[in-house]
Amino acid sequence: DIQMTQSPSSVSASVGDRVTITCRASQGISTWLAWYQQNPGKAPKLLIYAASTLQNGVPSRFSGSGSGTDFTLTISSLQPEDFATYYCQQANSFPRTFGQGTKVEVK
Amino acid sequence: QVQLQESGPGLVKPSETLSLTCTVSGGSISSYYWSWIRQPPGKGLEWIGYISNSGSTNYNPSLRSRVTISIDTSKSQFSLKLSSVTAADTAVYYCARQGPSGRTLDYWGQGALVTVSS
């Protein structure tokens, strides 16, 4: 299985801050990476796929980059609705695997 | 707008079989692949497996011996069975649609909490 490791596990930030989350795969996955946002008690929501393509309806303050083993999710200007937990997921091979999550908290 | 809704017992006894159904509305079940994912309380996400519109399946090796996913296109439903459950199988179970590329999960159900306890 491909192991996905996110860092940090949590980040404290304020509205308007730029936030960056990283995700590392245990082996190369090209650009087969997705990012999801999960609010408490809710299902995950697809934000980004193919490492950098924004899902329809997702605000442009979200962006993704990377290829191979190292990936980044950036929120350019944090909004109140962005305080949530974010997961990366590799889509290169089965079984699909997720990172452990990064919680974006209020500073 | 595609919608998915999980249904099934919220409490299952140890050693018994967990059974959940996902009903798809607002779109054709026959055009996509469909997945199950679970999340233990306070923990991360684990992919369980998928089923194609023609019934082919792919399961997580960690659960393969206990998992069966099936589909009933006439009812726009697909189902999960997990046998010989233990407390470690307590989780919120989500059904989801695999996106057009087959590499994303683009629509999710709201999730169903299943507790394994006697």
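Annotations
- Evaluation of B:Val85 against the conditions (1) on the phi < 0 side of the Ramachandran plot; (2) loosely packed, with under 15 Cβ neighbours inside 10 Å; (3) out of contact with any Gly (no Cβ under 9 Å at 6 or more places or on another chain); (4) part of a loop (DSSP other than H, G, I, E, B) shows that the sole unmet condition is (2).
- Screening segment B:27-41 for residues that are surrounded by fewer than 15 Cβ atoms within 10 Å (Cβ to Cβ) and at pLDDT 95 or above and picking the one that is nearest to B:Ser84 (Cα to Cα) gives B:Pro40.
- Annotation note: of A:Asp1, A:Asp70, the sole residue that is surrounded by fewer than 17 Cβ atoms within 10 Å (Cβ to Cβ) and either in contact with a His (Cβ under 6 Å, 6 or more places away or on another chain) or within 14 Å of another protein chain (Cβ to nearest Cβ) (or both) is A:Asp1.
- Against the numbered list (1) under 18 Å from A:Thr5 (Cβ atoms); (2) assigned to a loop (DSSP other than H, G, I, E, B); (3) of a type in the set (Val, Ile, Thr), A:Thr72 comes up short only at (2).
- Scanning segment A:78-89 for residues that are within 10 Å of another protein chain (Cβ to nearest Cβ) and either of a type in the set (Lys, Arg) or not in a strand (DSSP E or B) (or both) turns up nothing.
- For A:Gly41, the test of being within 12 Å of another protein chain (Cβ to nearest Cβ) and either more than 26 Å from B:Pro100 (Cα to Cα) or at pLDDT below 95 (or both) is passed.
The values are calculated or read from the model by the stated rules, or taken from the named source; none is laboratory data. Note that this is a predicted model, so its numbers are computed, not measured. With ideal geometry, Cβ positions are generated from the backbone for all residues, glycine too; neighbour counts draw on all protein chains shown.
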